[in-house]
Amino acid sequence: MSSKQAAPPLPEPLRVPVADSHTHLDMQDSTVEDALKKAASVGVATVVQVGCDLKGSRWAAETAAAYENVHAAVALHPNEAPRIVLGDPDGWSRQGARPGGGDAALDDALTEIDRLAALPHVRAVGETGLDYFRTGPDGVAAQERSFRAHIEMAKRHGKALVIHDREAHADVLRILAEEGAPERTVFHCYSGDAEMAEICSAAGYFLSFAGNVTFKNAQPLRDALTVAPLELILVETDAPFLTPAPYRGRPNAPYLIPVTLRAMAEVRGIGEDTLAEAIARNTARAFGYEAS
Ligand SMILES: [Zn+2]
Ligand SMILES: [Zn+2]
């Protein structure tokens, strides 16, 4: 394996343990045990495992039940909902759902997500929201219907809501306002600018920053990080995606959280421990578990 594809080295451990607020262990090239052990060895003590479809959501719930430091989020991803309604010849996943099954198939899938959302180890409903980058105009209605259903579910179960917002800022904010956002709402892989960060902060939404905050062309993200209140900031890997610089393009995993967190502390002009303490508290509050 060339070093371009090799797993990045272990970073220096954090002195204050934090959580990876959004990861996909089921898409990573590692066992759960190894991923958690490696993460814990550098101070990433807790992870939120996020399901994107029925199979992934069931797996997230099972994994959270099996491991104390794993919390689950369950949902149909904004790109999954249209696949269930419209069908998808390339098939990302169609476990348990009838592809191309119209709104009835989406309702069936949502009923299963609703059942999972009630489980005690499931701390959040998500990732849900809107993705105008991958889903075309024909999928928007399904996406929006699914998003609204997930918001309702999160509120009814008293769980956090995890938002995926890709190139859909205005509509995501509008639908959240129309439905009434749950008490705890997290913008995962926050991708807005400083102006949107002000709007989110005023609404009390958590902003979770991923490895792309380290990318050279991401100044608007760093501006957003600068204006966000410290008590609303989270950190995540979204692994295996969005590996932070200088390892961009190589496989991401929860153990790389310290790389992103250190870059964030630098942007904020605060010490790494101060930021880590805040993030540890914030993540526990966002997802409703006891901070360790
Ligand atoms: Zn996402
Ligand atoms: Zn994700």
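The values are calculated or read from the model by the stated rules, or taken from the named source; none is laboratory data. Quick caveat, the model's predicted, so the values are computed rather than measured. Positions of Cβ are generated from backbone atoms using ideal geometry, with glycine treated the same way; all protein chains shown enter the neighbour counts. Only protein heavy atoms, including side chains, enter the accessible area calculation; ligands, DNA and RNA are left aside. Shrake-Rupley method; radii C 1.70, N 1.55, O 1.52, S 1.80 Å.
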(message) Here is a list: G249, G288, G269. Which entry is in contact with a helix residue (DSSP H, G or I) (Cβ under 9 Å, 6 or more places away or on another chain) and not hydroxyl-bearing (S, T, Y)?
(response) G269
(message) Can you tell me how many residues within the range 12-54 are open to solvent by 30 Å² or more (accessible area, probe 1.4 Å), among the acidic types (D, E) and within 15 Å of ligand 1 (Cβ to nearest atom)?
(response) 1
(message) Within the range 148-156, does at least one residue satisfy the condition of being basic (K, R), modelled with pLDDT of 95 or more, open to solvent by 10 Å² or more (accessible area, probe 1.4 Å) and over 16 Å from V122 (Cα atoms)?
(response) yes
(request) Pairs only if they're at least six apart or on different chains, beta carbon under 9 angstrom, first in the range 152-167 and more than 16 Å from ligand 1 (Cβ to nearest atom), second aromatic (F, W, Y); list them, first residue then second. (result) K159/F287
(message) D273 - would you say it is of a type outside the set (A, V, I, L, M, F, W, C), under 18 Å from P11 (Cα atoms) and touching a strand residue (DSSP E or B) at 6+ places or on another chain (Cβ under 8 Å)?
(response) no
(request) Would you check which residues across the range 123-147 are open to solvent by less than 10 Å² (accessible area, probe 1.4 Å) and more than 17 Å from E80 (Cα to Cα) and list them? (result) A124
(request) Restrict the check to the range 229-245 and report whether at least one residue is under 25 Å from Q5 (Cα atoms) and more than 17 Å from the chain's Cα centre (by Cα). (result) yes
(request) Given the conditions (1) touching a Phe, Trp or Tyr at 6+ places or on another chain (Cβ under 8 Å); (2) surrounded by fewer than 20 Cβ atoms within 10 Å (Cβ to Cβ); (3) not in a helix (DSSP H, G or I), report the number of the one that D165 does not fulfil. (result) (2)
